[in-house]
Amino acid sequence: MVRSTILATHTHTQQPGAGLGRLAITKKLVLWLVLVLQVGFIGCIWLLQMSRGQESQQRSAVDQAGGRVNFVASGEAPREKTSLVGGTHCPHQQDNVNRYDRDFYQMKPERLNETHLPDYHVPAYVDAEMGLTPALWCYREGTINESQRLNDVDYLMAPPQCRCESGWHGRDCGQPEIIWRALMTSNRASKRGGSTPLQLVEASSTSLHRLFYMLELGAWDHLSLELLELQIRALIEVVDYFLIYYVSNGSKERSLETMLGSQTSYTLLRCSSETNCSSSMAYSHFRRQLWQQCGVQMQAQDLLLHGDSGTVYAPAALKFLKYYAKDVLPLKFRLKYNVYGFYWQHPKKTLLNGVISSLGHLHSAQLDAHRLHRLASSTLGDLNHYGGWHCELCLPPEQIVLLLQSSSHRKLPVKLPNDTRNAHIDANYMQQLIANGVHIDGTTQLHRLREQSEKYFAPEEALLHSSQYGQLLVNLYDVDVLEDLQDED
């Protein structure tokens, strides 16, 4: 009886406590549910704002592209008239910098009989195995005899070195004449307390730099396509990326793509006017396109070459900088000064044009390649050994007339045929000037050059394919030259 009373009392006291516990749990569940709903609602609002922001950004980018820039894949025509049009081509191949094994070869030792040890002290550069220590790599283009063995060298007299062709220098024959002379000039300047424009390292397959050639063509209508093709072909084995920009109202990508070929990496930019075709704007475009289309990021140690439509650079000097230069301060090129063709030379003989530099120095020029020209204090080439060729007015007579009539070239000093009111320049008058070697100023007499007696008559690529570059190599308006050609035939 007592036990039942106790149980009943305990049951009655437990029921109110259980009810209160269930109520507390329910309140907690409701609060958590409200909290989850609030978080979900806030998340939905945030996602809607993000999607609207992306749509507005895409719409503004499309509007901007429609008003300013339209990037066109290689070979595609623009859908609408825009101020800037470009094309990018990045074949799946290794950069030209990865050609060390093709440009260098190892001078291998003859393995000696290990039982016949020498009876004299072996220098440190002779290997303990009676082979030879560090492998000697020779620059193939500058070496005379690839079959020479290291055992042919007298190690007691001098360390082994490659046998160099005429005009090549250095232990591995990797310094062309113009580089060798530039280094001598630089050494003399550094001894006087000046700065050296080149920091050099030993050539190896791991210390190579990419070369970007930023080629400013100007107005397409005033181009020599023959000279442009020569420019590209002369450097196609040295340049890693061609960055070409020009001014034209019509697309010329097809012509450029044919010259560049399918295995060349390049980015093209067509501007509708010269006012929106500055070098800084073009550089920004090229850098963006290389990253977006090719996955290529331009580095501070890469080399940038900037030139115009009238210059053909010496590939040997550029290849040296790719292999041996750790850092290159802005360098100008001393170029051979040709007029009308490689058969006439201006009495000034040379001019300074073009610049090459490590990309890291472009920032001090505010990303403007033309400012980089003004920062250059040293040169590649001298009065007798050129860094390249500059060919002025190397155009057909009819095209020269159109060039002189254009508004952008009216400041050129031009001599009219006579002083009469009806005097004008036509193709016949230009043919006479070209034939007689007279500059368009009417007073400057040009110097005649002949391939047989001129060491640096023309770029090697032009001489190897003389049938394709005849107008640049032969004065077709000189009667004496034509008679000589007929006699040879």
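Those residues that are more than 30 Å from LEU136 (Cα to Cα), open to solvent by 30 Å² or more (accessible area, probe 1.4 Å) and assigned to a loop (DSSP other than H, G, I, E, B), I need them from region 193-244; list them, please. Correct list: GLY193, GLY194, SER195. Looking at region 287-301, can you tell me whether even one residue there is open to solvent by 40 Å² or more (accessible area, probe 1.4 Å), farther than 17 Å from ALA234 by Cβ and part of a strand (DSSP E or B)? No, the conditions are met nowhere in region 287-301.
State the number of residues belonging to region 369-391 that are outside any helix (DSSP H, G or I) and either surrounded by fewer than 16 Cβ atoms within 10 Å (Cβ to Cβ) or among the aliphatic types (A, V, I, L, M) (or both).
Number satisfying all stated conditions: 6.
Residues in region 451-478 that are farther than 13 Å from LYS336 by Cβ and among the charged types (D, E, K, R): 4 in all. Scanning region 170-205 for residues that are modelled with pLDDT of 80 or more and of a type in the set (Val, Ile, Thr) yields a total of 3. All conditions but one from (1) among the aliphatic types (A, V, I, L, M); (2) modelled with pLDDT under 80; (3) touching a Cys at 6+ places or on another chain (Cβ under 8 Å) apply to MET157; the one that does not is (3). What do you reckon, is LYS326 touching a residue at least 40 places away in the same chain (Cβ under 8 Å) and either assigned to a helix (DSSP H, G or I) or buried (at least 24 other Cβ atoms within 10 Å of the Cβ) (or both)? Criteria not met by LYS326. For the subset of region 229-251 comprising residues that are more than 11 Å from the chain's Cα centre (by Cα) and acidic (Asp, Glu), which member is farthest from CYS391 (Cα to Cα)? Among those that are more than 11 Å from the chain's Cα centre (by Cα) and acidic (Asp, Glu), it is GLU237.
The values are calculated or read from the model by the stated rules, or taken from the named source; none is laboratory data. Just so we're clear, the structure is a prediction, and the values are computed from it rather than from any experiment. Counting neighbours? That spans all protein chains shown, and the Cβs are built from the backbone with ideal geometry, glycine included. Ligands, DNA and RNA are stripped out before the accessible areas are found, and what is left, the full protein with its side chains, is counted by its heavy atoms. Shrake-Rupley method; radii C 1.70, N 1.55, O 1.52, S 1.80 Å.
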